[in-house]
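S.K.: Structure below; questions to follow.
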């Protein structure tokens, strides 16, 4: 049953992509996209449900595994993938000349989108570092096309930058994987040598240069795909130029999924390094990302670029959390992944009507949105309030848990630095929230009609899920689920 | 892996750094890929599956991808050589200095010889250097192939070789990435009238 679901979920996404590519009309493609997305999400959520309801018994197959950590990320990928697929028809409607001819544009978009989604679904499931690398790399081609979908000069630049930087980064990670493979099984390795458990079993005997080199190359290479500073240059451009549903999937699902791979590498290979060395590298990426992001959160930024730099900040927080590696921090990381995903995707969905009615918001900060359109203002308010970690946002609880986890890990200096940077980031986003909603209006009032109803529904769904997550966040510390999450690897 | 072989494939990458024309860069990376492919077949592991994988990689990386890039060069003719780059001597000096520094600093990777360790690192670094120093989108795509050839060299020098599924998977991903890079290059050329990537500089904060 579980194995059938493991195959069916990504297969459904791939088949949906193929079907939409072959659709004769845009309406057919829209319908196939929605139906396929609902089915893919249900199958993926079923997998997540199996993983989380019976977290103490991870399941294994020939090439896959289903554990608690994977379950959390699968749930996030399913929900954000579904929402982004469902909002796509209305958000793509206003696109003009695209990357490909208009007649094929919609089909190309859906085919690339569902291929990208399928690869993302499999990453948390694979029980092998080599296969995880292949899947992360496989997301690059489809997602680069999606980033440049609008075909504008900015989108071409963003897509090219993303393709170049992440491809070179992943080549470096693959070199690290080969070094690790040789170190674990010189001369008699098989694909199973790179299974997460095989790496974890071999790690204590791997002390020395090759283990350090492998770890540094793998984490530094994956960092380019996560978008951790200082190798984040593609991130603000790709997030701001991609169509909003793609920006949401990139920020809320792709980046955390690659963080999961890094987390598994840290847990499996960390024991091969001198105590503290592995987590120090991840903590360094986290603090540098926070430090680089915060000044941009203080600047007057166009809406999507503000969200992009917020992604950099939040990926930095996740790095700090997995670097602390204590139960409290781990609980915080899990809540943060889910809360960030919901809040960030809502923010990106709100960008579509905003940019349609106020195109100048693409290049400059939005102001006085509450006077221009209450529906969009509501979505922006909920999104930015949650991302700024204002109570009752689950991100407030998750950031608190991560910082307390840092104290528990006796990483006082890092905790203090992270707390200061988070406080500064909060002030920047709070200023953007006030200006964006009730500042001197820069955009004309517009009537939203059906799109306003859709936006209000989306805001209601995401807001309710965020509040539910806050409740879960309060119950999570000390629960058995965290113990299983701490394992990171089944 | 012999020192001479490593020197030859590294020299081919350095030649790409100074090559003036895109066709020359594509030809050089094709020769480099064929050299690695032939090495894989000659020093195969005595198994038919390894021979088959080596053959697929040789055809894919040594013939099909370079042919694809050559087609791309024909379809995106530049009115003139992309000007403004550093002089060739400066480029090769910078590339050699960065590569030598990386090779000197990298500890043992555990491959079958120190030359293989250094060759793998040199090619990955040179791939990145080509992408940074050369402004043409085609050169940057060639940089992907050079860096990936560095990874392939490491795989060839790994005792026992890499699992076939990983080798073929890497090739599959590379084909997709190069195909997408080609689509971008054509569109950039259509939009800007040139494949010079310095025109892609509008997104700044």
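The values are calculated or read from the model by the stated rules, or taken from the named source; none is laboratory data. Values in this document were obtained by computation on a predicted structure and should not be read as measured data. When we count neighbours, we look across all protein chains shown, and the Cβ atoms used for this are built from the backbone with ideal geometry, even at glycine.
S.K.: With A:353, A:394, A:359 as the choices, which residue is without any contact (Cβ under 8 Å) to a residue 24 or more places away in the chain and out of contact with any strand residue (DSSP E or B) (no Cβ under 6 Å at 6 or more places or on another chain)? Outline the logic, then answer.
M.R.: Values: A:353 fails: without any contact (Cβ under 8 Å) to a residue 24 or more places away in the chain; A:394 fails: without any contact (Cβ under 8 Å) to a residue 24 or more places away in the chain.
Answer to the check: A:359.
S.K.: Another question, if that's okay. Counting only residues that are surrounded by fewer than 22 Cβ atoms within 10 Å (Cβ to Cβ), in a loop (DSSP other than H, G, I, E, B) and at pLDDT below 90, how many does the range A:63-103 have?
M.R.: 8
S.K.: Which residue, of A:238, A:220, A:211, is part of a helix (DSSP H, G or I) and surrounded by fewer than 24 Cβ atoms within 10 Å (Cβ to Cβ)?
M.R.: Values: A:238 fails: surrounded by fewer than 24 Cβ atoms within 10 Å (Cβ to Cβ); A:211 fails: surrounded by fewer than 24 Cβ atoms within 10 Å (Cβ to Cβ).
None of the other options fit; the residue is A:220.
S.K.: Okay, next question. Going by the structure shown, is residue B:119 touching a residue at least 40 places away in the same chain (Cβ under 8 Å), closer than 22 Å to residue B:197 by Cβ and either in a helix (DSSP H, G or I) or out of contact with any strand residue (DSSP E or B) (no Cβ under 9 Å at 6 or more places or on another chain) (or both)? Talk me through it step by step, then tell me what you get.
M.R.: Working: touching a residue at least 40 places away in the same chain (Cβ under 8 Å): yes; closer than 22 Å to residue B:197 by Cβ: no; either in a helix (DSSP H, G or I) or out of contact with any strand residue (DSSP E or B) (no Cβ under 9 Å at 6 or more places or on another chain) (or both): yes.
It is false that residue B:119 is touching a residue at least 40 places away in the same chain (Cβ under 8 Å), closer than 22 Å to residue B:197 by Cβ and either in a helix (DSSP H, G or I) or out of contact with any strand residue (DSSP E or B) (no Cβ under 9 Å at 6 or more places or on another chain) (or both).
S.K.: Could you identify the single residue in A:187, A:151, A:159, A:176 that is within 28 Å of the chain's Cα centre (by Cα) and either assigned to a loop (DSSP other than H, G, I, E, B) or at positive phi (or both)? Write out each step before concluding.
M.R.: Values: A:187 fails: within 28 Å of the chain's Cα centre (by Cα); A:159 fails: either assigned to a loop (DSSP other than H, G, I, E, B) or at positive phi (or both); A:176 fails: either assigned to a loop (DSSP other than H, G, I, E, B) or at positive phi (or both).
Sole residue among the options that is within 28 Å of the chain's Cα centre (by Cα) and either assigned to a loop (DSSP other than H, G, I, E, B) or at positive phi (or both): A:151.
S.K.: Next up: On the basis of being crowded, with 19+ Cβ neighbours inside 10 Å and outside any helix (DSSP H, G or I), does residue A:414 make the cut? So that I can check it myself, show each step before the final result.
M.R.: Details: crowded, with 19+ Cβ neighbours inside 10 Å: yes; outside any helix (DSSP H, G or I): no.
No.
S.K.: Go through the range B:180-205 and report how many residues are modelled with pLDDT of 90 or more, more than 7 Å from chain A (Cβ to nearest Cβ) and either in a strand (DSSP E or B) or closer than 20 Å to residue B:127 by Cα (or both).
M.R.: Counting residues in the range B:180-205 that are modelled with pLDDT of 90 or more, more than 7 Å from chain A (Cβ to nearest Cβ) and either in a strand (DSSP E or B) or closer than 20 Å to residue B:127 by Cα (or both) gives 2.
Residue by residue, here is whether (1) crowded, with 24+ Cβ neighbours inside 10 Å; (2) facing another protein chain (nearest Cβ under 10 Å); (3) more than 15 Å from the chain's Cα centre (by Cα) holds:
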{"site": "B:116", "(1), (2), (3)": "no, no, yes"}
{"site": "B:119", "(1), (2), (3)": "yes, no, no"}
{"site": "B:126", "(1), (2), (3)": "yes, no, no"}
{"site": "B:137", "(1), (2), (3)": "yes, yes, no"}
{"site": "B:152", "(1), (2), (3)": "yes, yes, no"}
{"site": "B:158", "(1), (2), (3)": "no, yes, yes"}
{"site": "B:162", "(1), (2), (3)": "yes, yes, yes"}
{"site": "B:177", "(1), (2), (3)": "yes, yes, no"}
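S.K.: Does any residue of the range A:121-138 turn out to be part of a helix (DSSP H, G or I), more than 12 Å from chain B (Cβ to nearest Cβ), within 28 Å of residue A:190 (Cα to Cα) and at pLDDT 95 or above?
M.R.: Initial filter on the range A:121-138 (part of a helix (DSSP H, G or I)): A:121-122, A:129-138.
Applying the additional criterion that residues be more than 12 Å from chain B (Cβ to nearest Cβ) yields A:121-122.
Remaining after also requiring within 28 Å of residue A:190 (Cα to Cα): A:121-122.
Restricting the remaining residues to those that are at pLDDT 95 or above gives A:121-122.
Looking through the range A:121-138, at least one residue is part of a helix (DSSP H, G or I), more than 12 Å from chain B (Cβ to nearest Cβ), within 28 Å of residue A:190 (Cα to Cα) and at pLDDT 95 or above.
S.K.: Before we move on, is residue B:145 within 14 Å of another protein chain (Cβ to nearest Cβ), buried (at least 23 other Cβ atoms within 10 Å of the Cβ) and modelled with pLDDT under 95?
M.R.: No: the conditions fail for residue B:145.
S.K.: Being more than 7 Å from chain B (Cβ to nearest Cβ), more than 27 Å from residue A:241 (Cβ to Cβ) and at pLDDT 95 or above is the filter here, so list the residues in the range A:139-191 that pass it.
M.R.: A:176, A:177, A:180, listed by residue number.
S.K.: State all residues of the range A:462-476 that are in a helix (DSSP H, G or I) and touching a residue at least 60 places away in the same chain (Cβ under 8 Å); if no residue qualifies, say none.
M.R.: Going residue by residue through the range A:462-476, those that are in a helix (DSSP H, G or I) are A:462-475.
Across the range A:462-476, the qualifying residues are A:462, A:463, A:465, A:466, A:467, A:469, A:470, A:472, A:473, A:474.
S.K.: On the basis of being more than 14 Å from the chain's Cα centre (by Cα) and within 16 Å of residue A:323 (Cβ to Cβ), does residue A:279 make the cut? So that I can check it myself, show each step before the final result.
M.R.: Values: more than 14 Å from the chain's Cα centre (by Cα): yes; within 16 Å of residue A:323 (Cβ to Cβ): yes.
Against the criterion (more than 14 Å from the chain's Cα centre (by Cα) and within 16 Å of residue A:323 (Cβ to Cβ)), residue A:279 qualifies.
S.K.: Going through B:170, B:166, B:132, B:128 one at a time, which residue ends up being at pLDDT 95 or above and part of a helix (DSSP H, G or I)? Don't jump to the end; show me each part of the working.
M.R.: Working: B:170 fails: at pLDDT 95 or above; B:166 fails: at pLDDT 95 or above; B:132 fails: at pLDDT 95 or above.
Only one candidate qualifies: B:128.
S.K.: Residue by residue through the range B:18-32, note down the ones that are in a helix (DSSP H, G or I) and either more than 23 Å from residue B:103 (Cα to Cα) or modelled with pLDDT of 95 or more (or both).
M.R.: Taking the range B:18-32 and keeping what is in a helix (DSSP H, G or I), we get B:18, B:22-32.
Answer for the range B:18-32, where residues must be in a helix (DSSP H, G or I) and either more than 23 Å from residue B:103 (Cα to Cα) or modelled with pLDDT of 95 or more (or both): B:22, B:23, B:24, B:25, B:26, B:27, B:28, B:29, B:30, B:31, B:32.
Table: residues versus (1) surrounded by fewer than 21 Cβ atoms within 10 Å (Cβ to Cβ); (2) away from chain B (no Cβ under 14 Å); (3) assigned to a loop (DSSP other than H, G, I, E, B).
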site: A:265; (1), (2), (3): no, yes, no
site: A:285; (1), (2), (3): no, yes, no
site: A:293; (1), (2), (3): no, no, no
site: A:356; (1), (2), (3): yes, yes, no
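S.K.: Go through B:91, B:80, B:74 for me and flag whichever is modelled with pLDDT under 95, under 27 Å from residue B:186 (Cβ atoms), part of a helix (DSSP H, G or I) and more than 18 Å from the chain's Cα centre (by Cα). Outline the logic, then answer.
M.R.: On the way: B:91 fails: more than 18 Å from the chain's Cα centre (by Cα); B:80 fails: part of a helix (DSSP H, G or I).
Every option except B:74 fails the conditions.
S.K.: To continue, here is another question. Check the range A:398-409 and report whether any residue there is outside any helix (DSSP H, G or I), over 30 Å from residue A:449 (Cβ atoms) and over 24 Å from the mean Cα position of the chain (by Cα). Don't jump to the end; show me each part of the working.
M.R.: The initial filter retains those residues of the range A:398-409 that are outside any helix (DSSP H, G or I), namely A:409.
Keeping just the survivors that are over 30 Å from residue A:449 (Cβ atoms) gives A:409.
Remaining after also requiring over 24 Å from the mean Cα position of the chain (by Cα): A:409.
Yes, the range A:398-409 contains a residue that is outside any helix (DSSP H, G or I), over 30 Å from residue A:449 (Cβ atoms) and over 24 Å from the mean Cα position of the chain (by Cα).
S.K.: Over 30 Å from residue A:142 (Cα atoms), in contact (Cβ under 8 Å) with a residue 24 or more places away in the chain and within 12 Å of chain A (Cβ to nearest Cβ): which single residue out of B:171, B:111 fits that description? Explain how you work it out, then say what you get.
M.R.: Values: B:171 fails: over 30 Å from residue A:142 (Cα atoms).
Answer to the check: B:111.
This table checks each residue for (1) buried (at least 24 other Cβ atoms within 10 Å of the Cβ); (2) in contact (Cβ under 8 Å) with a residue 60 or more places away in the chain.
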| residue | (1), (2) |
| --- | --- |
| A:116 | yes, yes |
| A:139 | yes, yes |
| A:142 | no, no |
| A:153 | no, no |
| A:197 | no, yes |
| A:216 | no, yes |
